[in-house]
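The next block holds one structure in the form of structure tokens; read it before the comments.
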Amino acid sequence: MAKKKTETESVRQDDVMPEQEKNRIHTLVENQRKYFRSGETKSIKHRKRALKSLYSVIKHHESEIFEALRTDLGKPDFESFTTELGLVLHEISVQRKNLKKWSKPKKAKTTFLSYPAKAKIFPEPFGTTLIMSPWNYPVLLSLQPLVTAIAAGNTAIVKTSEYSPATSEILETIIQESFDPSFVALVKGGFLANQLLLNETFDFIFFTGSPSVGKVVMENAAKNLTPVCLELGGKSPCIVDESANLPIAARRIVWGKLLNAGQTCVAPDYILVHESQKKDLLTQISDEIALQYGDNPIENPEYPKIINTKHFCRLYSLAPSAQVDTASNKIAPTVLDLGDIHSEQALTHPCMREEIFGPIFPIITYTDLEDVIDFIYTRPSPLALYLFSQDKAVQKKILSTLRFGGGCLNDVILHLTPTELPFGGIGQSGMGQYHGKYGFDTFTHLKSVLIQSPKTDMKYRYAPHKNHLKLVRKILK
């Protein structure tokens, strides 16, 4: 295990002279390249041992992780474990159990053209990877991709967000106690650290964050033709049709929307409800907010806060009527009735122009499902889509017509919990997938190799070709 840094060494990176930080990061990347070149990370024993160590250190610091998430985001311990820590520990278990099988070379079929050759696919790590994580789920979205990067045999540098400093501190401690920095390291800081890292050459970049920053990451990666996985966001719609079970729909929507005070990339961003269900749904949502968080959620210690003043002010500008507490950076759950799907409000209200990322519920009504499809289809493809309906025809119509990263029928958010389901966006909401084997594959290059016989040969491929074209036509039809 690496030694813990001294207080002097732990100075925020943005406070260090840019040239010093540039040299430090460059040296860190080069050391990881050397370590990967040694071949140590490709060892199955090494990977399993590394994941076991990480699991043990995380468990040892569990209470400190809870405290850090409470400090940064006001999360209660139950939410911190079920939406962050528990999912990371489960991912470690899944990767440790399966990585040997997933790493084995696999046979592939050949054609008559290559006879008598055999073919194999060799899964191999990319090399030195960069993982850039956001502030809203700082433990989950730092460690879950790291786990898959390690399982696939890579080295990794994890760049955490400056907006969640307490969590970054405990994550730095965990990584330092688990790994040598030439294998896995953590970099803190803000814009300067981000830019210096992106100026380096990596073999793979995994980024979670906003589409606007995702474009910057991809632009920098393109300079070195570095492959990327971008896990972004967007406005994820939630449809409630006339056949929906309203009490269940309201309960699950409120839970999903208020998880982490709405600061969730797959939170139901806005609700499209059939006109016949609107009145009852509004009542049910109001009742559910009170049931889950009390009559005054802002005073409930289990109700999280907004990450910082900047985002607090942005959200308040979207819903000036919201009840707020500036001292704690909390905004009460707020329903905005935007009227009919064709209304000016539904089309131009500020909360419909950007991802909300907060506890604000825009409600839009419709009478024709085709209007809903047009409304969603003409906007950037969302990361998630949710449909509350018991009508099989409606379910089939929505699933077969609309593009979105993933989603749920009659629930929200839970599609990201099974490791057997790939998680990722499409179009503006991202590219690439992870979780379970999908994460292992994301951090893996599949190297294809054809193994030819040194003795037997098929002479028709060599000149002079004579009438060989006729034979090849039959083979390739």
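The values are calculated or read from the model by the stated rules, or taken from the named source; none is laboratory data. Model, not experiment: these values are computed from the prediction. FYI the Cβ positions are ideal-geometry reconstructions off the backbone, even for glycines, and counts take in every protein chain you see. Protein only, heavy atoms only, side chains kept; ligands, DNA and RNA dropped before computing areas. Shrake-Rupley method; radii C 1.70, N 1.55, O 1.52, S 1.80 Å.
Evaluate the distance, in nm, between pseudo-label points positioned 7 Å from the Cα of Phe191 and of Glu354 along their respective Cα→Cβ axes.
That separation, rounded to one decimal, is 1.6 nm.
If each of Asp340 and Ala117 carries a label point 7 Å out from its Cα toward its Cβ, how far apart are those two points in nm?
Inter-label distance under the simple model: 6.5 nm.
Along the charge dipole of the chain, Cβ charges K/R +1 and D/E -1, which of Ser317, Phe36, Leu113 sits furthest on the positive end?
Leu113
Kindly flag which residue pairs out of Lys42/Lys106; Lys104/Lys474; Lys48/Lys106; Lys45/Lys104; Lys59/Lys257 have an alpha-carbon separation exceeding 23 Å in this structure.
Lys104/Lys474; Lys59/Lys257
Could you tell me the distance between the Cα centroids of segment 434-455 and segment 345-373, to the nearest Å?
Cα centroid of segment 434-455 versus Cα centroid of segment 345-373: 43 Å apart.
Segment 378-435: percent of C-alpha pairs farther apart than 13 Å?
62 percent
When DSSP beta bridges are limited to those with both residues in the chain, what percentage is antiparallel, rounded to the nearest 5?
So the antiparallel bridges in the chain amount to around 30 percent.
Over the chain, give the accessible area per residue in Å² for a 1.4 Å probe, as an integer.
Roughly 47 Å² per residue, with all protein chains present.
With the contact rule set at Cα under 8 Å and sequence spacing of 6 or more, what percent relative contact order holds for segment 193-241?
41 percent
Please report the relative contact order for segment 386-477, taking Cα pairs under 8 Å with a sequence separation of at least 6, and give it as a percent rounded to a whole number.
16 percent
With +1 assigned to the C-beta of every Lys and Arg and -1 to the C-beta of every Asp and Glu, and no other charges, what is the dipole magnitude of the chain about the Cα centre in debye, to the nearest 20?
Dipole about the Cα centre, nearest 20: 4340 debye.
Run the numbers on the chain and let me know its relative contact order in percent, using alpha-carbon pairs under 8 Å that are six or more apart.
The normalised contact order for the chain reaches 19 percent.
Tell me which label goes with the value of percent of Cα pairs over 41 Å apart computed from the coordinates here: (i) 27; (ii) 16; (iii) 22.
Checked against the structure: label (i).
For the peptides 136-147, 23-34, what is the packing order when you average, over each peptide's residues, the other Cβ atoms within 10 Å and list the highest mean first?
Highest-to-lowest ranking by the protection proxy: 136-147, 23-34.
Hey, rough spin-label estimate for Glu302 and Ala222, points 7 angstrom out along Cα→Cβ, what's it come to in nanometres?
A separation of 4.7 nm, rounded to one decimal place.
Taking just the alpha carbons, could you work out the radius of gyration and Dmax for segment 257-408, both in angstroms?
15.8, 49
I'd like the carbon and sulfur percentage of the solvent accessible area for the chain, probe radius 1.4 Å, heavy atoms only, ligands and nucleic acids excluded.
C and S atoms contribute 55 percent here.
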